[in-house]
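Working notes for the structure below.
The values are calculated or read from the model by the stated rules, or taken from the named source; none is laboratory data. On a predicted model such as this, the values are computed, not experimentally measured, just so you know. Heads up, the Cβs are rebuilt from the backbone with ideal geometry, glycines too, and the neighbour counts pull from every protein chain shown. Accessible surface areas use protein heavy atoms only, side chains included; no ligands, DNA or RNA. Shrake-Rupley method; radii C 1.70, N 1.55, O 1.52, S 1.80 Å.
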Amino acid sequence: PGALRLLSETLARGLQRHNLDRPPTQTDMITVYARFGRSATHLFGGISFDNLRVEIDANPGRPVEVCYAWTGGDSHVALVSGYSVDATGAVFVKVNDPADNIGLISFASLQTAYGLGTWVETFVGIQ
């Protein structure tokens, strides 16, 4: 939906503008949400595809923020704003990544930080 896309893009721009000289903390993320009049619930670790789908399908739809720990150190965040399941049952998610604007990837790739690390934290209930 258009509103979900707009929210995802707005939050991604807000994260880019936070300009930290270190990886963002939970408090940093909540601060960015508050600046845009939003709130979120923090969870440690990743979530299942079914839980991600519930967030995106909510009315109004809610993006899911994923926080990665790169294998070589450092961290990164991205927003998931959509999903699709193909005829074979393969699951894909739409990722709005402030660094690379990734697009549609497999859910398995999301779980492994594009094969570069680990999904370590999640923000849900973004509203």
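Specify which residue in the list S84, S106, G72 is farthest towards the positive end of the charge dipole of the range 51-121, using unit charges on the beta carbon of Lys, Arg (+1) and Asp, Glu (-1), about the Cα centre.
About the Cα centre, the residue reaching furthest to the positive side is S84.
Efficiency by 1/(1 + (r/R0)^6): what FRET value for A87 and T41, r their Cβ-Cβ distance, R0 = 35 Å, to the nearest 0.05?
0.55
Give me the accessible area of Y33, 1.4 Å probe, in Å² rounded to the nearest 10.
Spelled out: Y33, probe radius 1.4 Å, area about 10 Å².
Using a 1.4 angstrom probe with every protein chain in place, what is the largest-first accessible-area order of F36, F123?
Values: F36 75, F123 0 Å².
Most to least solvent-accessible, the answer reads F36, F123.
Expected output is a single nm value to one decimal: the length gained when fully extending between S48 and D100, i.e. 0.36 nm times separation in residues minus the C-alpha distance. What is it? Could you put the intermediate results ahead of the total?
Values: separation 52, 0.36 × 52 = 18.72 nm, distance 2.36 nm.
Net length gain for the segment: 16.4 nm.
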